[in-house]
Amino acid sequence: MAESWVNSAERIGVDLHLELSGSGSRRGALATALREAVRSGRLAPGTRLPPYRALAADLGVARNTVADAYAELVAEGWLTARQGSGTRVAERAKPLGRPQRVPKEAPVRSRGPLHDLRQGVPDASAFPRAAWSAAYRRALTEAPSAAFGPGDPQGRIELRTALTEYLARSRGVRTEPGRIVICSGFAHALRLLYGDVGDRVLRGPLAVEAYGLGFHRGILERAGVRTVPLTVDQDGANIGELTSATGIRGVLLTPAHQFPTGGPLHPERRAAVVDWARMRGGVVVEDDYDGEFRYDRKPVGAVQGLDPERVVYVGSVSKSLSPALRLGWMVLPRHLVVDVVAAKGEREAWAGVLDQLALAEFLRSGAYDRHVRRMRQRYRRRRDLLVAALAERAPGLEVSGIAAGLHAVVRLPAGSERAVLKAAVWRGIEVEGLAEFLHPGAEPSLGDGLVVGFAAAAERGYGAAVDALCGVLPPGVEG
Ligand SMILES: Cc1ncc(COP(=O)(O)O)c(C=O)c1O
C-alpha cells in the first residue's frame, strides 16, 4: 500500500494534511482523500485549497494529477473554481459523516438576542481593533526575548508600572508596581483570594452586598466561603450592619457604582468601612468594575486611597475594553502580595504575557484613555436616549443609577417584574430583573425593577432595542 503524509504549510493559509492510500492511480487517491476531508468537516466550506503546483510538490505527484483531481471534484460539486479566487470547498458541500455533538452544558449560540439589553457587557462592535493591534505590534517588536519564556506570576513589570501611573491618575489608587498582581479579571481575583486556586489567602465568612452578582457569590460558595448580606439602599451597602456582625473579617463592595443598583457608597460609609477594617483587622475587597464610566462631574475615587493596607483593589478591562481579553489587576496590601503571587503558581498560567505587554503599551501610549473617553461619550448618549424614551413612554417609572456605568435600573410597579420579563422574552429582548441579583438570604428591600444594560447592543440596533423595551413596560406606578 502506497502512503504519503503531507503537511503543507502553504503560503495562502490552508495546512492540508492528506493521506494518499491504495494501489490505484494517484489522481484517484487524491480525489478520495479530498472528498473524505470535506465529508468529515476537516476542510470547511469556503476553504481555499493550495495551488496545483504547491500541493503537487508536497505530495510528490505531477501538477496535472492535482489539476485533474480538483477538476473531478469541481464536476461533482465538492469544490468550486473561480478565476482569481482559486479552488475552494463548495459552500453546499456539507459534511455527511456523523453529526458533530455539541456538549449540552455548553450550548453554542449563533446569534445574540434580537434586542440586547444585558447588563455587564460593553459594545463589542466598538473594540478598538486598529489601536489594539498597533499596540500589540509595538509590544511584540520591543519585547525582550525573555518575554517569550515562562511568565512571572506577579505579571509583567511593564504593565504593573503603567497601571501604577494610570490608577493613581484616574482612580486615586495609591500603589507601586510591587503591590500589583496581574490576574485574568475580577472572578479570578476572587478565586485567588478566597477560592480554590492555590492556598486560600483570606478566610470567610465574607460580608457582601445584598444585591450583587450571583456568579461571584457562586465562586465563594463553591470555595466553602459563607456570604452574609448587607442591606443596600440609595447610599450603597449599609456598613453599620458590619459592626454588629460577629466573626466577619472581610467585606466585598462595589463602592464607586453599587452593582447593580448604581449609586456610589456614601462618603461616611466609605470612611466607616475603612475604620471597621482597621479595628477588626479586616479586609475590604473593592470591585471597581466600571469606575472609568462616570457621566457627572463628581469623580468617585477608589476607597483603596483611604487605606492601601486594608483594601484589596481589583479592576479589569472587561468593561473598558472587552471581557474576552481576560485581563485584570489586584492592588494589594503589602502583607498579602507574597501569598497571592504564590496562589497563582510558579509561572504565569492565567493572563497571557503578550496581552499584558500589549495592554502596557496601550496604556502608555494614551490609547486606553482615548478609547475610554470615546466610549464614555457613546454610553452617555445611549443613557440619555434611554432616559428620554422612558420619560416619554413610561413617564411614571423611576430610573436610577444613571450617573455612572453601563446600565440603569428601571423601577417597576410592585409585583410586575416577572410579567414584564416574560413580555420582554416574547419581544426578543434580553434584559434582567432586580430579583435575579438578590442574595438568597436577604429581603428584597428595593422592590421590583429591571437592570437595563445600555452598552451591549451594537450602535445601529440600540434605538430599536429601547423602543422594544418601552413597548413592554407598564406606563408607571399608579397614584
Ligand atoms: C459586578 C461586576 N464585577 C466585576 C466584573 C468584571 O468581571 P471580570 O473582570 O471577571 O470579567 C463585572 C463584569 O461583568 C461585574 O458585573
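The values are calculated or read from the model by the stated rules, or taken from the named source; none is laboratory data. Note that the structure is predicted; figures quoted are calculated from it, not measured. Reconstructed Cβ throughout: ideal geometry from the backbone, glycine too, with neighbour counts over all protein chains shown. Protein only, heavy atoms only, side chains kept; ligands, DNA and RNA dropped before computing areas. Shrake-Rupley method; radii C 1.70, N 1.55, O 1.52, S 1.80 Å.
In table form, for the structure just shown:
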| read-out | value |
| --- | --- |
| Hits in segment 435-454 (condition: touching a Pro at 6+ places or on another chain (Cβ under 7 Å) and touching a residue at least 40 places away in the same chain (Cβ under 8 Å)) | PHE437, LEU438, HIS439, GLY441, ALA442, VAL451 |
| Among the candidates ALA135, ALA69, ALA146, residue that is away from the ligand (no atom under 16 Å from the Cβ), modelled with pLDDT of 80 or more, open to solvent by 30 Å² or more (accessible area, probe 1.4 Å) and not assigned by TED's automatic domain parsing to the domain that holds TRP426 | ALA146 |
| Close pairs (7 angstrom Cβ cut-off, 6 or more residues apart or separate chains): in contact (Cβ under 8 Å) with a residue 12 or more places away in the chain in segment 353-368, among the basic types (Lys, Arg) anywhere | VAL353/ARG156; GLN356/ARG156; LEU357/ARG156; ALA360/ARG156; GLU361/ARG138 |
| Qualifying positions in segment 285-296 - away from the ligand (no atom under 15 Å from the Cβ) and within 20 Å of ALA168 (Cβ to Cβ) | ARG294 |
| Tally, over segment 326-343, of residues that are within 19 Å of the chain's Cα centre (by Cα) and either away from the ligand (no atom under 14 Å from the Cβ) or in a loop (DSSP other than H, G, I, E, B) (or both) | 2 |
| From the options VAL274, VAL311, VAL251, residue that is among the hydrophobic types (A, V, I, L, M, F, W, C) and closer than 16 Å to PRO229 by Cα | VAL251 |
| Odd one out for GLU348, checked against (1) surrounded by fewer than 18 Cβ atoms within 10 Å (Cβ to Cβ); (2) of a type outside the set (S, T, N, Q); (3) in a loop (DSSP other than H, G, I, E, B); (4) away from the ligand (no atom under 14 Å from the Cβ) | (1) |
| Sole exception among (1) acidic (Asp, Glu); (2) out of contact with any His (no Cβ under 8 Å at 6 or more places or on another chain); (3) farther than 23 Å from ARG376 by Cβ for GLU459, by number | (3) |
| Test: ALA277 is away from the ligand (no atom under 11 Å from the Cβ), more than 21 Å from ARG169 (Cα to Cα) and not β-branched (Val, Ile, Thr) | yes |
| Options LEU385, LEU397, LEU406, LEU390: the member that is more than 18 Å from ASP233 (Cβ to Cβ), under 21 Å from the mean Cα position of the chain (by Cα) and either surrounded by fewer than 19 Cβ atoms within 10 Å (Cβ to Cβ) or touching a residue at least 60 places away in the same chain (Cβ under 8 Å) (or both) | LEU406 |
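So that you can scan it fast, the table gives a plain yes or no per residue for (1) under 28 Å from TYR379 (Cα atoms); (2) of a type in the set (Gly, Ala, Ser); (3) buried (at least 20 other Cβ atoms within 10 Å of the Cβ):
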residue: SER244; (1), (2), (3): no, yes, no
residue: GLY250; (1), (2), (3): no, yes, yes
residue: LEU253; (1), (2), (3): yes, no, yes
residue: PHE259; (1), (2), (3): yes, no, yes
residue: ARG270; (1), (2), (3): yes, no, yes
residue: VAL273; (1), (2), (3): no, no, yes
residue: ASP288; (1), (2), (3): yes, no, yes
residue: SER316; (1), (2), (3): yes, yes, yes
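A quick yes/no check of all residues on (1) free of Cβ contacts under 8 Å to residues at least 40 places away in the same chain; (2) in contact with a Ser or Thr (Cβ under 9 Å, 6 or more places away or on another chain); (3) within 16 Å of the ligand (Cβ to nearest atom); (4) not acidic (Asp, Glu):
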{"position": "GLU209", "(1), (2), (3), (4)": "no, yes, yes, no"}
{"position": "VAL225", "(1), (2), (3), (4)": "yes, no, no, yes"}
{"position": "VAL232", "(1), (2), (3), (4)": "no, yes, yes, yes"}
{"position": "ALA237", "(1), (2), (3), (4)": "yes, yes, yes, yes"}
{"position": "LEU242", "(1), (2), (3), (4)": "yes, no, no, yes"}
{"position": "THR254", "(1), (2), (3), (4)": "no, no, yes, yes"}
{"position": "PHE259", "(1), (2), (3), (4)": "no, no, yes, yes"}
{"position": "PRO264", "(1), (2), (3), (4)": "no, no, yes, yes"}
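To keep it simple, each residue is scored yes or no on (1) open to solvent by less than 20 Å² (accessible area, probe 1.4 Å); (2) within 16 Å of the ligand (Cβ to nearest atom).
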site: VAL300; (1), (2): no, yes
site: GLN304; (1), (2): yes, yes
site: GLU309; (1), (2): no, no
site: SER320; (1), (2): yes, yes
site: ALA324; (1), (2): no, yes
